[in-house]
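Following: one structure in structure tokens, then a few remarks.
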Amino acid sequence: MQPIVLDADMGVDDALAVALALHSPELELAGITVVAGNVAQDQGTRNALQVLELFDRDDVPVFVGAAQPLRRAAVDATSVHGNSGLGYAELAEPRTVPAGSAVEYLIDEIRMRPGELVIVATGPLTNLALAERRAPGILNSARRVVAMGGALWCGGNITPHSEYNIHADPHALIELLQAQVNLTLVPLDVTHQLLLTAADIAAGQSQCSDTWSDFFDAATRRVIEYGRESNGLDGLHLHDPAVLALLIEPSLFQTRTLHVNVKAEGTQAGHIALLEEEDAGALSVNCAVEVDAAGVMQLLRHRLMNI
Ligand code: BDR
Ligand code: CA
């Protein structure tokens, strides 16, 4: 069983990643650290507490992280995920409260289990960069760091060339790569192959009805409506669950070390330009470049929807 800390910005697919972690015997969810991203940090913290309580798992601690990116102004994604970040879902007021600071927890938890903990980032990388600033080298004492982020050969989803998580805080990725953190990115090139269709969701709903399936339907319906209106997509991409699928079944992915230059400013912010190896100043990052999409979707449909 791999112990993981999920560092999330608690939009709809982050919530699905929490559910996947809780439903996967290969993973032990040690804690959730929340970062501002899809929604503001206080709303994201609330979402994390609510989703854990939905599963009666308030034993998993939630930690409060960065409210702003390192250097840029915050940019949210409520147009996609809804004002709360959880689509149309309405969950009970949380009973529990956050357990402390995300950055301190990341540092302490990694130190307590050197070489064991996997850090899974599904939002902007701000908390991870702050942990690395405060305790240089700390992330390389984790077993590994895996993150949903980037658009390599495909187009972006927030600007023509940038993926949201990296666009929101490009300086955080740059700092992690400059510190040579052992980081694997799962980019849009992979996650855009993982479409959960509206028909899949209808099939799942017909199989069972409980608080989770009600949540699933209400949360995803908002993202699907956005996709239909903005680009005719009849489903939602499972961006954040994909990172956990890489940990659960690595044979379904191929990864490669790439040499990159990450643009940090202006409309290009978050664009990951691919370079030739010999280019001076190139940063290196391991990236998922191929995926057995049918295999991953089978795993995710089964674990998330029992179909
Ligand atoms: C990423 O951005 C967020 O909106 C999603 O939760 C995912 O982490 C996809 O670009
Ligand atoms: Ca996310």
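The values are calculated or read from the model by the stated rules, or taken from the named source; none is laboratory data. This is a predicted model, so every value here is computed, not measured. Backbone-built Cβ (ideal geometry, glycine too); neighbour counts: all protein chains shown. Quick note on the areas: whole protein, heavy atoms, side chains included, nothing else; ligands and nucleic acids left out. Shrake-Rupley method; radii C 1.70, N 1.55, O 1.52, S 1.80 Å.
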Practice problem: Quick one: what are the phi-derived ³J(HN,Hα) couplings along segment 95-111, Karplus 6.51/-1.76/1.60 with θ = phi - 60°, whole Hz, x for glycine and proline? | Solution: 8, 9, 10, x, 9, x, 8, 4, 5, 4, 4, 4, 5, 5, 5, 5, 5
Quiz prompt | Over segment 1-160, volume per residue of the alpha carbon convex hull, in Å³ | solution = 121 Å³
Quiz item: Expressed as a whole number of Å, what is the distance separating the alpha-carbon centroids of segment 147-216 and segment 1-33?
Solution: 14 Å
Self-check item: Surface/4 of the Cα convex hull for the chain, nm²
Solution: 14.2 nm²
Quiz item: Between Met1 and Ser230, how many nm apart are label points set 7 Å from Cα along the C-beta direction?
Solution: 3.7 nm
Practice problem: Could you check the simple spin-label distance between Arg71 and Asp58, using points 7 Å along Cα→Cβ, in nm with one decimal? | Solution: 4.2 nm
Practice problem: Pop a pseudo-label 7 angstrom from the Cα along the beta-carbon direction at both Gln178 and Glu93 and give the gap in nm to one decimal. | Solution: 4.5 nm
Exercise. Provide, for q = 0.12, 0.14 Å⁻¹, the log10 of I(q)/I(0) from a solvent-free Debye sum over equal Cα point scatterers in segment 204-307.
Key: -0.62, -0.79
Quiz prompt | Sulfur and carbon atoms: percent of accessible area, the chain [1.4 Å] | solution = 47 percent
Quiz item: Excluding ligands, DNA and RNA, what is the solvent-accessible area per residue of segment 204-307 at a probe of 1.4 Å, expressed in Å²?
Solution: 48 Å²
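What Kirkwood radius, in Å to one decimal, follows from the Cα pairs of segment 251-307? If you can, show how the numbers build up before the last one.
Numbers: mean 1/r = 0.0726 Å⁻¹.
One over the average 1/r among Cα pairs gives 13.8 Å for segment 251-307.
Starting with the highest mean, order 100-109, 50-59, 125-134 by the number of other Cβ atoms within 10 Å, averaged over the residues of each peptide.
Details: 100-109: 20.0, 50-59: 17.3, 125-134: 25.0.
The peptides rank, most packed first, as 125-134, 100-109, 50-59.
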Practice problem: Mind grabbing the base-10 log of I(q)/I(0) for segment 104-235 at q = 0.09, 0.13 Å⁻¹? Debye formula, identical points on the C-alpha positions, no solvent, two decimal places. | Solution: -0.37, -0.70
Quiz item: What residue among Gly155, Gly137, Val291 has its Cα farthest toward the positive end of the dipole of the chain, where the charges are +1 on Lys, Arg and -1 on Asp, Glu, each on the Cβ?
Solution: Gly137
